[in-house]
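Values quoted throughout were computed directly from the atomic coordinates according to the rules given, and no laboratory measurement underlies them. Just so it is clear, the model here is predicted, and its values are computed rather than measured. Glycine gets a Cβ as well: all are built from the backbone with ideal geometry, and neighbour counts include every protein chain shown.
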Amino acid sequence: MTAVGRTTRPRLRGLPRLRSLSPLTRREALWGYLFISPWIIGFLWFVLGPMIASLAFTFTNINLAQEEPLQFVGLRNWQTMLGDAQVWAALGVTIRFALIQLPVVLILPFLLAIGLNARYVKGASAFRVLFFLPYVVPFVSGVLIWGGMLNSETGWVNEVLRFLGVENPPNWLNDTGWVYPALVMIGIWGIGAGIIVNLAGLRGIPTELYDAARIDGAGFWGALRHITLPMMSPVIFYTLVLAIVEVLQYFLVPLVINNGTGEPGGSTFFFNLYLYKNFFTYQNMAYGATLAWLLFLVTLVVSLIIFRTSRRWVYYAGER
Amino acid sequence: MAAEAGQLDPAASGGVLARLSRSVRPRRPHRPRDAVKSFALTFALVAVLAAFLAPMLRATLVSLKTPDQLSETNAPFLPSLPQTFSFEGKDRDVYTVPLPDGTTRQLAMVKPGRQQSDFVDPANPAAGTITWQGSWRTLDRAWLLAPAFQNYVDVWNLIDFPRLLFNTVALAVIGMIGTVISCTLVAYGFARFRFPGRSLLFTILIATIFLPSAVTVVPTYTMFVQLGWVGTWLPLLVPAFFANAFDVFLIRQYFLTIPREMDEAASIDGAGPFRTLISVILPQAWPAIVAVAIFHLVYAWNDFFGPLIYLSTKPELQPLAVGLQRFNGIHYRNPAYVQAGTLMTMLIPVILFLIFQRIFVRGVVVTGVDK
Amino acid sequence: MRVIRATTAVAVLALVVGACSSGAPTPAPSSAPTVAASDAASQPAPPSDGASAPANTPIAIGGSTPAPGQTEIRWYCCLGGGDAPEQVAVEKQVVEAFNASHPNIHVTFEAVPYAGANDALATEIASGNGPDIVGPVGIGGANAFHGQWLDLAPLITKSNYDLSGFPPDAVNIYKLDEGQVGIPFAIYPSVLFYAKSLFDEAGLAYPPHKYGEKYTMPDGSVVDWNYDTITQVAKILTVDSTGKDATQDGFDPTKIVQWGFEPQRDDLRGMGAYFGAGSLAGADGKTAQIPDPWKAAWKHWYDNIWTDHVSMTGPIFQSPDINPEDYPFFTGKVAMSQNFLWSTYGLEGLEGDWDMAALPAYNGKTTSAFNADTFRILKDTKHPDEAFEVLTYLLGEAAPDLLSTYGGMPARTDEQAAFFESQDETFTQKPDWQVAIDSIPFADNPNFEAFMPKYNETLGLVGSGGKYTTRWQTEKGLNMDQEFEALRSEIQAIWDKP
């Protein structure tokens, strides 16, 4: 059993000292299966069935009204999808937005966490709570609060801009040039979670490393490059993967704030928005599921690439 | 997919790092340069925070306003009440009126007009009306600072907080316990044990979050209907005990930063895998575990659609998120109520975070002592 | 239709990280609960008076379960109205009274917050776990679930249900390709609401209350009560912060504090219907067209916003500071507004400073956009006979209580007088309800919410918060004829999709 595993998955390289001791290896594998068994049971029980069902939907004509009888339609939905201009437009929108959103949601929480972890900060715990605060705001309430903030006539953002002498401040949510910055601003409100993850990572770095670096004459940047970044790389890797999954599935804010119309000018017509609307609003479950599985495949490819590259930049102290 | 990711850039001092374990941060003497840094950094954080929390301040101010103020276009910034004066059975708005004799008085408007308007003096209404020439819209209304704390009392009474809170706390805490335990075990399995198919299984685990959840709602709901669980808490609680990809991934990443030397030492001392997890790994992984606990709490606290579909026929089992949404749907015409309801809903998660973040910080200390 | 403002008309699908696993939120933003929109049509809203609702444990809804041998009938509520605390209290009483008097049937009341009502219903139906009765639901709201409704005709015949008390037109509203999907219950004609004190302040005559009456302008000239007149009067009633009105030199359109006229802008089709009934679907049911009166209505609206300045621009309309309650007339800063009768739910705050007047005519013809609410049965119900028994109870014995709490005008002609008497208890200034009754014959036929292909997808263009609805109130200087053509071809493209 272990031999099969090893030969078919050569990347499981280097099973070291215990290699020759096959009973021990087997015991270790059994312990491993035991520990991950809750997930395996849950996966088979709650997750796998619905996933397969949604995949099966893509080969049928299932919809809520079901005016034609339910039947197998082969690859028809997939063909329709490949020829659907909105699919590609929506993917383009999603990727354009991702390029703006990703750096912000990766770097900002990291920097803030470093700031909050620095021993120079007075009242760090108060800061932590205050940065965490908006993360707890129920989603819709939060977006609506921001809708008020960004209103071009009465919102605080433009009032401040007018006070600073800007004569025609932007109509944030209705201007193709400003809607992405506005959405990023709204997104920043959720960084409380990102700060927590990054803080957890920073808390795990042994302080002796910094002391040693100081003795070696390393400054802040040297320590950041040679200690913080490598030691944080597993956590950064986690935030990167999740941020990509999130941004590929992004649609909630535009759904609430522009009612999911994709306005202004189609710039907020995100892929997952199109998917969601097909599923719930147009009640075409078959096509919605097909779009979902396309997104699944896209995400899978992107993640596989990132997992590949991670070998080069993620450092695991406890890996083997 | 590379569950076992690569090695550190050899340029970095990997070998040394691996050997070191965590320790208490030593207190060092306070130096003048630190004071400057401290001031600069704190100031920078305050500035960022001010912008970050401005919407929160706005929401708080709105929550303390009365409908009278909210519907007024040129109302003051702080929660205030427009002054009125009751005259001939009706409440009249009070304005600050500059009079021809150069004085300014607070007068109540009785009859507005485009060219001229009639006022009475609240101090002496019997004196009859004073006719003022000009457009009353150029006058300022008289306001009195008056935060409407009553809004919070009203919302408390309207939402039936106690029962909803009980349901929410129960759902969140039970789910949190399940999530923390199951995800820790699964993450430990993936991080510390080699077994055939580990890589593939980990890939599958992560891939479960790649499928947008909108499409699995219907089959999932159907499944719970068939299990007979709709109308109970089970669909919301049971899955939490079987781990989820997000949290397993986070904890596994964290476990992988913990050097193996100590597990191996424990193992040589005769500790089994469970003892090693509890006495060696967990004390060093507190920050990640607490982070997962916080995430689940906030998630469960604000989860709306799950409880909505599974508990739609059982209002007595519904949590706060559903109650709040119902409340917002009814009271959306009074933004003060909506904001007050939102802020009240946030209170308990924020308090819990306050408590948790202490553990969060202490986690490192425990680690050091443990060593 | 109460569409909670575009931004709030949103359901909250907290799917976040997988409905299947109870995943924790993720660190990136927007990780908190997910949201689902219901930009599908919404329905006439019964008065859901928020601020002054009685403060007693409102959300307590009976959760009893059927006894063995009883047939359970699930009543799914609140696709747009009926979820206010005092309404839920009445609904609960109705359910209890029914259960007490019908030992063989047990009604379970399922009150779902408006925010998630459409998505939750879709999920339940798709999973084969749908309710039996849905309502109150309007014409458009029901069309969002086109194909789901049971044809009541066989049950009506079988039980000899008496339809003679209704005006025939009201019955025919519900005669669709799906069959006789509804029995009339509540109707909501449109009228022109106006704020009396704002007319007084400007020294203007009130609008006419009788159809066919003329209007006397300030200069003494007597003119027809049409949309041109509305704009002329509205300009005098539109005032900036220095007190100048829109007819005066020096009027500043960026500093308006009072607006002269607001159309019903929830749905472009509805807005069009005030100028004349029509349909986006041509005679063949699949060719997109835009009726000429609708074009005129939309142009009138566009000019009212951008040229005459008598109606709110989009940003002003969406500002929670200026228009927090969806319908600007509720703020007391709008002099005239056309709306459905159900919008009286928002008028208590005006403290009696309002009345109803005749709708203006377009090209000599008056049209009153119409809303109607009823209860419907889902076609997948396993117990159609029992469901029909419950339905007739709701439309019969329980109707007076329900109509009164919903603020719905009874479709049965002989019950209308009693209804208006009960409304006078709330509105002590005694509005001229006769205007509403006089408006009924002007109902738009075909109704603007009638079914069209790809109903929900098309609404994304013309419905509440729809693409063109938003665009026209946000962008100045558009060539409207080009816009109409763009809209038509976009609709056609949606309808032509497989």
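Label positions at residue B:105 and residue C:222, each projected 7 Å from the Cα along the C-beta direction, are separated by 4.5 nm.
Amide H contacts of residue C:257 (H built 1.01 Å from N, in plane; Pro and chain starts excluded): C:239, C:240, C:241 sit under 5 Å, all sequence-distant by 5 or more or on other chains. Separation of region C:275-340 and region B:227-266 by C-alpha centroid, Å? When both Cα centres are located, 53 Å separates them. The residue A:301 and residue B:354 beta-carbon pair, evaluated with R₀ = 41 Å, returns a calculated FRET efficiency of approximately 0.45. A cut-off of 5 Å between modelled amide H atoms, ignoring neighbours fewer than 5 places along the same chain, links residue B:106 with B:97. 3J(HN,Hα) along region C:212-219, derived from phi through the Karplus expression 6.51 cos²θ - 1.76 cosθ + 1.60 where θ = phi - 60°, amounts to x, 6, 9, 10, 9, 6, x, 7 Hz, with x in place of Gly and Pro.
What does the charge count near residue C:352 come to, summing +1 for each Lys or Arg and -1 for each Asp or Glu among other residues with Cβ under 12 Å from its Cβ? All intermediate terms of the calculation are to be shown ahead of the outcome.
Details: positive: B:90, C:196, C:430; negative: C:348, C:351, C:353, C:355, C:424.
That works out to -2.
Could you compute the FRET efficiency for residue A:163 and residue B:181, with r as their C-beta to C-beta distance and R0 at 60 Å, rounded to 0.05? Write down the numbers at each step before the final one.
Values: r = 53 Å, r/R0 = 0.88.
Calculated transfer efficiency: 0.70.
Here region C:253-294 is scanned for amide nitrogen atoms under 20 Å from the site 7 Å beyond the Cα of residue C:363 along Cα-to-Cβ, giving C:268-284, C:288-294. Estimated from helices alone, the mean residue ellipticity of the protein assembly as shown at 222 nm is -15000 deg cm²/dmol (sum of -39500 (n - 2.57) over DSSP H runs with n ≥ 4, per residue).
Nearest 20 debye, what's the magnitude of the dipole of region B:137-219 about its Cα centre given +1 on Lys and Arg Cβ and -1 on Asp and Glu Cβ?
Details: 6 positive and 3 negative charges, 84 e Å.
In debye, rounded to 20, region B:137-219 gives about 400.
Projected label points at residue B:91 and residue B:73, each 7 Å from Cα along the beta carbon direction, are separated by 2.1 nanometres. Summarising the label geometry, the points placed 7 Å from Cα in the beta-carbon direction at residue B:173 and residue B:144 lie 4.4 nm from one another. Across the options C:258, B:305, C:433, the greatest Cα extent toward the positive end of the charge dipole of the protein assembly as shown (unit charges at beta carbon of Lys, Arg, Asp, Glu) belongs to B:305.
Straight-line cross-link reach from residue B:65 at under 25 Å between alpha-carbon atoms covers these lysines, not counting any fewer than eight positions away in the same chain: B:90, C:255, C:333. Annotation: for a label point projected 7 angstrom from Cα along Cα→Cβ of residue C:353, residues of region B:102-143 with backbone N closer than 12 Å are B:109-113.
Not counting the cut sites, what is the longest span of chain B without chymotrypsin sites (Phe, Trp or Tyr not before Pro) that DSSP labels loop and that have at most 13 other Cβ atoms within 10 Å?
Working: sites that count: B:77, B:149.
Counting at most 13 other Cβ atoms within 10 Å as exposed, the longest clean stretch of chain B is B:150-371.
For residue C:492 and residue C:292, the FRET efficiency from 1/(1 + (r/R0)^6), where r spans their Cβ atoms and R0 equals 30 Å, is about 0.95. Residue C:413 label point, 7 Å along Cα→Cβ, cut-off 20 Å on backbone N: hits in region C:183-208? Residues C:183-190 qualify, since their backbone N sits under 20 Å from the label point.
Please state the shape class of region C:98-157: rounded when a/c is under 1.5, otherwise prolate if a/b exceeds b/c and oblate if not, all from the C-alpha gyration tensor.
Values: a/c = 1.85, a/b = 1.26, b/c = 1.47.
It comes out oblate by the Cα gyration axes.
Close amide H contacts of residue C:278 (hydrogens built in the peptide plane, cut-off under 5 Å, sequence separation of 5 or more or a different chain): none are found. The Cβ shell under 12 Å around residue C:497 holds other residues with a net charge of -2, Lys and Arg each +1, Asp and Glu each -1.
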